[in-house]
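Asker: After the structure tokens below, expect a handful of questions from me.
The values are calculated or read from the model by the stated rules, or taken from the named source; none is laboratory data. Quantities reported herein were computed from a predicted structural model and do not represent experimental measurements. Cβ atoms come from the backbone with ideal geometry, glycine included; neighbour counts cover every protein chain shown. SASA here: full protein model, heavy atoms, side chains in, ligands and nucleic acids out. Shrake-Rupley method; radii C 1.70, N 1.55, O 1.52, S 1.80 Å.
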Amino acid sequence: MKKKTRLLLFLAVCAGAFLSQPLLARVSVPPLHVGLLSIFGGALVGNLLTQLGLALLARPAGLAPTLYLVGAGRRVRTVRIGRCPLVLRAVPLPFFAAGYRLTPGPRWRAWAAVTAAYLPAPLLGGWLLATAGSTWQPFGLMLVVPLLELAVQAAFPGCPGWVVLRLPAASPAALAEVYATPGQVAAARALEGGRIADAAAALAAEPETDALADGATRVRVLLATGAWAAALERAERITVAAPVARTGWIADLVRAEALVCAADAGLLPPAEYLPRLTAAVDAVGSRRPGAAVLADLHRLRGEREQAVKHATAAAQRSVDAWGAANAACSLAAALLAAGRPEQARPALARAHAVLPGLARTALVEHRPAGVLLD
């Protein structure tokens with residue numbers, strides 16, 4: 001974290017503590033069981049208010065949903081709801097989330113709609129903190145948490161937090177990088193729904209752009225269909241423009257995914273793919289989506305137990321279709337390399353279930369001997 005960022009965070013915390021003194025002076029601590037129920041209830045209501053607002057105002061905001069999620073933990077099942085898949089997660093909690101792509105439209109309308117979706121929960125929370133007794137104050141505090149969510153999302157172009165905090169002042173170059181075309185939205189929905197052929201057809205119907213999101217989606221669709229060489233060539237052509245520099249690691253992530261498949265398919269020798277893969281994985285860093293390619297790097301280096309460790313973590317965390325299926329393939333490949341074919345079969349079955357027809361699943365299944373030698 002840069003010194004300027006740390007200084008701004010410190011000043012923000014100090015200012016928040018000073019301004020909240022009148023509220024904190026009124027806070028009294030409720031009994032533990034009451035406080036826990038109040039906290040959980042506040043988190044639940046805050047989530048429901050925010051997500052319902054986003055769902056209702058998505059069309060005027062220009063946000064195209066690509067998937068909906070219910071629960072917590074890893075992905076276990078996908079249900080088709082209209083054009084958009086609903087992902088059921090392992091822990092059956094009544095928490096909701098969604099993935100959105102920002103489409104072209106009046107920026108004032110997008111800002112107003114997303115801001116309106118996020119306002120009810122913090123306003124209600126602030127009112128409860130200012131007027132309610134000790135039982136309701138933890139509830140109100142949790143209703144203010146969506147404001148923190150906005151601050152975190154501001155670093156990711158196109159997310160609701162970015163729309164609220166950065167869209168009004170965004171440059172035309174930034175908007176060109178962020179806006180999704182109808183074909184890109186259709187491809188994202190099809191891939192989430194396990195329809196690889198439909199995703200490829202949606203992208204084929206539109207011209208390629210230099211945007212990071214378009215390049216990453218096209219590389220993954222090429223990998224899904226088994227076009228290893230074309231995917232690697234397209235991944236190398238991804239350029240990260242200044243407006244999306246903070247998410248430039250996504251280009252390194254898809255480049256690493258393409259290198260792994262090219263290596264397992266025998267298109268590149270170790271002397272060529274290992275340095276390039278190491279550089280790409282280093283650029284991704286410790287970010288959670290990079291756990292699968294880190295596992296593949298360990299496997300290809302011969303560090304089999306480390307590969308199993310990182311691949312297991314990746315398989316437990318991933319919720320989007322591509323991430324879940326790719327992580328399952330990485331886990332299966334690591335287990336095969338470690339000499340555990342019986343444990344690899346459930347991972348391959350999971351990849352089949354999440355993304356039917358994924359070419360990497362067949363690559364891992366049909367080359368156990370090569371994977372073991374790696």
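Asker: Please go through (1) under 23 Å from the mean Cα position of the chain (by Cα); (2) open to solvent by 50 Å² or more (accessible area, probe 1.4 Å) for Ser330 and return the number of the only condition it doesn't satisfy.
Answerer: So the condition that Ser330 fails would be (2).
Asker: When you go through Trp162, Trp127, Trp111 one by one, which is the residue that is open to solvent by 10 Å² or more (accessible area, probe 1.4 Å), of a type outside the set (A, V, I, L, M), in a helix (DSSP H, G or I) and farther than 18 Å from Leu63 by Cα?
Answerer: None of the other options fit; the residue is Trp127.
Asker: Here are some residues: Ala200, Ala117. Which one is touching a helix residue (DSSP H, G or I) at 6+ places or on another chain (Cβ under 7 Å) and buried (at least 21 other Cβ atoms within 10 Å of the Cβ)?
Answerer: Criteria check complete, one pass: Ala117.
Asker: Give me the residue from the range 289-328 that is farther than 26 Å from Glu272 by Cβ and hydrophobic (A, V, I, L, M, F, W, C) and, out of that set, modelled with the lowest pLDDT.
Answerer: Looking at residues that are farther than 26 Å from Glu272 by Cβ and hydrophobic (A, V, I, L, M, F, W, C), I get Val319.
Asker: Given the conditions (1) open to solvent by 70 Å² or more (accessible area, probe 1.4 Å); (2) modelled with pLDDT of 95 or more, report the number of the one that Leu267 does not fulfil.
Answerer: Looking at each condition in turn, Leu267 falls short on (2).
Asker: Can you name the number of the only condition in (1) in a helix (DSSP H, G or I); (2) modelled with pLDDT of 90 or more that Ala180 fails?
Answerer: All conditions are met except number (1).
Asker: Out of curiosity, is Gly140 out of contact with any helix residue (DSSP H, G or I) (no Cβ under 9 Å at 6 or more places or on another chain) and not β-branched (Val, Ile, Thr)?
Answerer: no
Asker: Also, I was wondering about something else. What are the residues in the range 309-322 that are part of a helix (DSSP H, G or I) and surrounded by fewer than 22 Cβ atoms within 10 Å (Cβ to Cβ), if any?
Answerer: Lys309, Thr312, Ala313, Gln316, Arg317
Asker: Between a residue in the range 253-266 that is free of Cβ contacts under 8 Å to residues at least 40 places away in the same chain and any residue that is assigned to a loop (DSSP other than H, G, I, E, B), which pairs come within a Cβ distance under 6 Å, given they are 6 or more apart or on different chains?
Answerer: Ala262/Leu268
Asker: Still on this structure, I have one more. Do we have any residue at all in the range 345-355 that's outside any helix (DSSP H, G or I) and either at pLDDT below 95 or at positive phi (or both)?
Answerer: yes
Asker: Return yes or no: is Val281 β-branched (Val, Ile, Thr), modelled with pLDDT of 95 or more and either touching a Ser or Thr at 6+ places or on another chain (Cβ under 8 Å) or not in a helix (DSSP H, G or I) (or both)?
Answerer: The answer is no for Val281.
Asker: Using the structure shown, decide if Val260 is open to solvent by less than 30 Å² (accessible area, probe 1.4 Å), closer than 25 Å to Pro157 by Cα and either assigned to a helix (DSSP H, G or I) or among the polar types (S, T, N, Q) (or both).
Answerer: So Val260 does not fit the description; no.
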